[in-house]
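*Asks:* This structure is in structure tokens; I'll ask about it shortly.
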Amino acid sequence: MPEKIEWNFKSGIADWIPNEAVRIIKITALGVHLFCHPNDSQMLSPPIGREIGPIVECKIKLASTADASITLYYGATLSEANSIKSTIIPDGKIRTYSIYIPALQPGDRIRFDPTVGAGTVILSQISLISVARRPPNRWAMPAELREKRLIAAGQYTQYGGEKTVTTTYLADNPSFITRFPYDGIVLTAPIKMHDQEYPLHHILWNTWPITHAHIAPVIASLKRTKWQHLTDNFINVTMTDGADGKATPSFESDADWTVIKNNFRMAARLCRNPNIRGFWLDTEQYSKYAATELSFPLGRDTDDALRRRGKQWIEVVQSEKPDIQILITFAWCPDAVDYGPLKGVIPFLNGILDGIKAPARLHHCYENTFYFGQGPGTTNVVNDRKTDGYPGDRERFALARQNIKDWSYLSANPARYKHFVSVGMAAWVEDHPWNAWSGAPVGVPWSLYSNAALALAYSDRYVWVWSEHTHYAHGHDEKTGINPFLAGLANGTYNTGFESPTHLVCDFRSDPLESGWTFDFDMLSIGGRVKQDHVVDLMDPKTSPFMWSKQGEMLRIDGNRASGRPGQRQRFTHGIKIAVPSGFWKAALTFSIERYPSVGDAPIAIGLFASDRTMVNAVAICFHSANDVRIGNVKIRDLRPISLNQALTITLIANNSVVIAQLVNDRGALHKTIRIVLPKDNSLNEIGTGFGDHPETGLQIGQRSTAVWSLKSVMFTSRIPRSSPKD
């Protein structure tokens, strides 16, 4: 039996101590009914009498009509460093929630904060249970990535000499885009003015007039850019003073504001290019008005003036780009209430909210989410004394998502907030070792990355990705190829609309991740010490079972290399589209097996899958062992022996809900023909290979694999049947 400490509140609060913000209303068979005042409601436990761990599951049974946030503090020192926030469903129904914390020692306490805002809470029970480990964190599922967008930002778009990735560089270097593993980029637009070149965002917020003649070269660059897979790109309009105090405005001055308004008219004109979706607005104001500590440009004027100008700002922007999409790093959030560099942001955004019209949208891509998942020893973790790194699991992202929704109360118009503000996220990914600055060290504290995969899963659409020690044009190592994890993520968003063709041919002569393939992985389990002298983990391809071999012109799969949760479903696939349900399609996959699965292992699966469904919904050949081979749920009887390392081709031909499967060896000898019926839920939408499954739940869990095999070519075609000729 696991160690357990339990408090039942159906007869009172026992030895717990509420603070003055918590008022006991009554006690019933459901538990103690509490009214909680906003911001500081607390319940403090008595000291823990004995050690409990190594991990403690804190189970809290409650009902709430307050808000969706609860916080648990733990340990000898009840500090923010020793606290975990979690989300609940504030619908008044009794539910049990679990929060996992480190081991507790005798004398430690826990503090439970049942709400942030005001409201009623029924507290039924709190239990502390020792467990060996946290439950596994479910990886990002394909459906959670679809229609999302991973947008690259970073210092390489502002620094790097001739290789700074500006609008000009992008137009001049189409090959750069080919290997850029994102769905879009935040672009700096170079503007020539006063005999020098400025980044557009350095002068936008000043009283230097920007004219159409200034932006005409940028428009020309955007027009000649071969965008390829970069579908969602944004112009950088960060709040900064690049004029060094020579042209600072007063928002109270109509003359000054007329210039700024026209400057943004020009910036929005750049967004008329169909590949530019809108603005990336970093609201953290590091510039100051001269001889003051007032943040530039929003820190000097009154809230009324800022709100009035915000409304005028969005009106002029939408006059040029009605469907503008604006990614905001810090919007309405507690940081913007009392953090100096964000002074004035909320009233200015309130004005934008007053004036915005559909189909424009504001995306609160909250910057502080880019810490989630950064590992031990990395720069920000060390600076904040987070020994184990920042949590980057689903619980953390779910809470952030709920917070962004709840922050509508900080706006002047919560109803319009809920209508026009989308939930976004941020990630911080230094693309090491693939794209460190030339000659710069990797495996050092700034070689950090956060959980970009779950950031996508919990956003409505956009995640912007920051970096400071990465340069995609200045440091790419041809020997290392493309970052498979970023490429796999970006390919998984299906942003171009061409990811699911009705005809596909792949011979693996080039890296499949450069042509739309994607794969399952857990961003919290891909780290490794790539070299002995590294002080932090890097994203390590050796943690993935999938390896493209340029020399062998094949995809090699080694189940022994699978990282993360034992038995995690692992698939390497390309999207496909069956032209007509139950219509004709044909697929052929050539492969060889180097090592069969051991007894109890997950089978090798090769064929067609439904992306978010189990193997029950697949049409694939499955090798459970050398003597147990199945297609779908049908075991192949009287199968000729199959030699290891022998090239085999499985051909699948479907028509009218029936599939004819043929297995042929490299000499053309037919091993077997089998007829199967398509699954009733015929949602096949990808082709490839993989292993691991869990038929009861459909979650990405199953057995471990020790098998090794290679995929050498893939073909798929589907067509609309021709009409029968008339007599």
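Bear in mind these aren't lab numbers, they're just calculated from the coordinates by the rules spelled out. On a predicted model such as this, the values are computed, not experimentally measured, just so you know. With ideal geometry, Cβ positions are generated from the backbone for all residues, glycine too; neighbour counts draw on all protein chains shown.
*Asks:* What net charge is computed for the residues neighbouring ASP40, neighbours being all others with C-beta under 12 Å from the C-beta of ASP40, Lys and Arg scored +1, Asp and Glu -1?
*Replies:* -1
*Asks:* How big is the range 4-131 on each of its three principal axes, counting only the C-alpha atoms and giving the largest first in Å?
*Replies:* Here the spans come out as 34, 29, 25 Å, largest first.
*Asks:* Once the piece of chain linking ILE24 and HIS212 is laid out straight, how much longer is it, given 0.36 nm per residue of separation minus the C-alpha distance between them?
*Replies:* 61.2 nm
*Asks:* At 7 Å along the Cα-to-beta-carbon direction for both THR292 and ARG50, put a label point, then send me their distance in nm to one decimal.
*Replies:* Each label point is offset 7 Å from its Cα along the Cβ direction, giving 6.4 nm.
*Asks:* Which entries in LYS311/LYS357; LYS85/LYS343; LYS61/LYS405 show an alpha-carbon gap greater than 18 Å?
*Replies:* In this structure, LYS85/LYS343; LYS61/LYS405 exceed 18 Å between Cα atoms.
*Asks:* Can you pull the one-decimal nm distance between simple spin-label points at HIS503 and LYS357, each 7 Å off the Cα toward Cβ?
*Replies:* My value for the distance between the label points is 4.5 nm.
*Asks:* Considering only GLY492, VAL708, SER549, whose Cα is most displaced toward the positive end of the charge dipole of the chain, charges sitting on Cβ of Lys, Arg (+1) and Asp, Glu (-1)?
*Replies:* VAL708
*Asks:* Additional query: I need to check one value: relative contact order of the chain, counting alpha carbon pairs closer than 8 Å and at least 6 residues apart, in percent.
*Replies:* 10 percent
*Asks:* OK, next. Run through all the Cα pairs of the range 142-492 and give the fraction in each 20 Å bin from 0, expressed as whole percent.
*Replies:* Bins of 20 Å from zero give 31, 61, 8 percent of pairs.
*Asks:* Under a cut-off of 19 Å between alpha-carbon atoms, report the aspartates and glutamates in cross-link reach of LYS531, not counting same-chain residues fewer than 8 places apart.
*Replies:* Straight-line reach from LYS531, under 19 Å: GLU430, ASP431, ASP477, GLU478, ASP540.
*Asks:* Taking LYS93 as the anchor, which aspartates and glutamates have their alpha carbon closer than 19 Å to its alpha carbon, excluding any fewer than eight residues away along the same chain?
*Replies:* Leaving aside aspartates and glutamates fewer than 8 places away in the same chain, those within reach of LYS93 are ASP67, ASP113.
*Asks:* Using the number of other C-beta atoms within 10 angstrom as an exposure proxy, rank THR387, THR65, THR590 with the fewest first.
*Replies:* Lowest count first: THR387, THR65, THR590.
*Asks:* So, in nm, how far is label ASN655 from label ASN275 when the simple model puts each one 7 Å beyond its Cα toward the Cβ?
*Replies:* Calculated label separation equals 4.2 nm.
*Asks:* On a straight-distance basis, which aspartates and glutamates could pair with LYS288 in a cross-link, Cα separation under 12 angstrom, same-chain partners fewer than 8 positions away excluded?
*Replies:* ASP241, ASP244
*Asks:* Okay, moving on. Given (1) 13, 34, 27, 15, 9, 2, 0; (2) 13, 35, 32, 12, 6, 2, 0; (3) 16, 42, 34, 8, 0, which label gives P(r) over Cα pairs in 20 Å bins from 0, in percent as computed from the coordinates?
*Replies:* Derived directly from the coordinates: (3).
*Asks:* Calculate the dipole size of the range 127-189 relative to its Cα centre from +1 charges on Lys and Arg beta carbons and -1 charges on Asp and Glu beta carbons; express the result in debye to the nearest 20.
*Replies:* 460 debye
*Asks:* Additional query: From the cross-link list LYS479/LYS542; LYS148/LYS712; LYS148/LYS261; LYS386/LYS542, which pairs have alpha carbons spaced over 20 Å apart?
*Replies:* Violating the 20 Å limit, Cα to Cα: LYS148/LYS712; LYS148/LYS261; LYS386/LYS542.
*Asks:* Can you tell me the length gained on complete extension of the stretch VAL580 to ALA103, counting 0.36 nm per residue apart and subtracting the Cα distance?
*Replies:* Taking VAL580 through ALA103 to full extension adds about 166.1 nm, to one decimal.
*Asks:* What order do you get for TYR286, TYR458, TYR97 when you list them from fewest to most C-beta neighbours inside 10 Å?
*Replies:* Ordered by Cβ neighbours within 10 Å, fewest first: TYR286, TYR97, TYR458.
*Asks:* Oh, and also: Restricting to DSSP H runs of at least four residues, report the calculated mean residue ellipticity at 222 nm for the chain, -39500 (n - 2.57) per run over all residues, nearest 500 deg cm²/dmol.
*Replies:* My calculation for the chain gives -4500 deg cm²/dmol from helical runs alone.
*Asks:* Moving to a separate point now. Within 10 Å of each candidate Cβ there may be at most 16 other Cβ atoms; applying that plus a DSSP loop requirement, which GluC sites (Glu not before Pro) in the range 124-190 survive?
*Replies:* Listed in order of number, the matching sites are GLU147.
*Asks:* Find which of PRO54, PRO359, ALA440 sits farthest along the positive direction of the dipole of the chain, computed with +1 on the beta-carbon of Lys and Arg, -1 on that of Asp and Glu, about the Cα centre.
*Replies:* PRO359
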